[in-house]
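Note sheet for the following structure.
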Amino acid sequence: MFVSACLMAKMRGFRALIMGPPGSGKGYVSDMIVKTFGAVHIAAGDILRKHIHQGTALGKHAFHMISQGKLVPDHLLHGVIATAVYKAEDRNFILDGYPRNLAQAKHLQGLVKLDMVINLNIPDEAIVNMLKNRLVHMPSGRVYNEGSAAPRVPGHDDVTGDPLTRRVDDHPKVVQARLAAFDKQMQPVIRFYMKQNILYTITARTTSEPPSQQQQQQQHSSHSVSLIPASKTQKTKKHNLADEQRQQQQQQEEEEEEEEAELEQQL
């Protein structure tokens, strides 16, 4: 049903948001959507990192906050995102890394109407283990992992040969602080989009395996997709508020099935 929703959104214009803890694979999923649906990827984190690399005033402030495991203040992000959304104009886009709290979600709602919100649910332990091995080419944003996607020459970018760096916010203690802050801030946001019936949750076992290599299983909830065995889903965190979401969205299941049948007739 998630793919069907994407296809339906594409037919009338595609504007989506992807959410998930730091290191949950938002970039990977966003890349798939960009390639499949021709969307523009608006990544708040990438925009901020460019400012940090260039040494702008915004970048210096953002670096100070991120290095302490804190979130960048709302007033800085509002302007950055508004500019990026306006530049996208009428093109399809996938927004990544914003909003991070309810106030930002409401601010975004005043800028643009979203077709769907994709919520990635990954165990914290998997995220910490992945990020501690991450290497980044800051100028381009290319990402490597010493454990699963190492560069051809250790410590150097495959394309330019430039030295790779570790993000200061990838240290395990900083990551744990970021995850705790994310969980606290995002619960109201998840509920906000759940009530609008545009939230789709994808639950996975790790951040390193592409979905095609993980066991896929459709849940009863029309807006919940699991990429891990059902017996293990109870061990993941409560990022997606699964029980509450199922209760709300089961009421929409018949409507979703009718939409799928109608879509199949159109294709």
Which distance in Å, rounded to a whole number, links the C-alpha centroids of segment 98-117 and segment 155-170? 32 Å
Of Met138, Thr165, Gln196, which is farthest along the charge dipole of segment 138-210 in the positive direction, counting Lys and Arg as +1 and Asp and Glu as -1 at C-beta? Gln196
Would you pull out the residues with amide H under 5 Å of Gly20's amide H, same chain only if 5 or more places away, H placed 1.01 Å from N? Leu120
Most exposed to least, judged by fewest other Cβ atoms within 10 Å, Lys173, Lys70 sort to Lys173, Lys70
For Asp46 and Val153 in one chain, what is 0.36 nm times their gap in residues minus the Cα-Cα distance, to one decimal in nm? 36.1 nm
Return the sequence-ordered ³J(HN,Hα) values of segment 161-178 in whole Hz as given by the Karplus equation 6.51 cos²θ - 1.76 cosθ + 1.60 applied to θ = phi - 60°, using x for Gly and Pro. x, 5, x, 8, 10, 9, 6, 5, 8, 9, 5, x, 5, 5, 4, 4, 5, 5
Could you list Ser148, Ser30 so that the one with the fewest beta carbons within 10 Å of its beta carbon is first and the one with the most is last? Ser148, Ser30
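Only the coordinates and a few stated rules stand behind these numbers; no lab work does. This structure is a prediction, so every number in the text was calculated from the model and none was measured. Backbone-built Cβ (ideal geometry, glycine too); neighbour counts: all protein chains shown.
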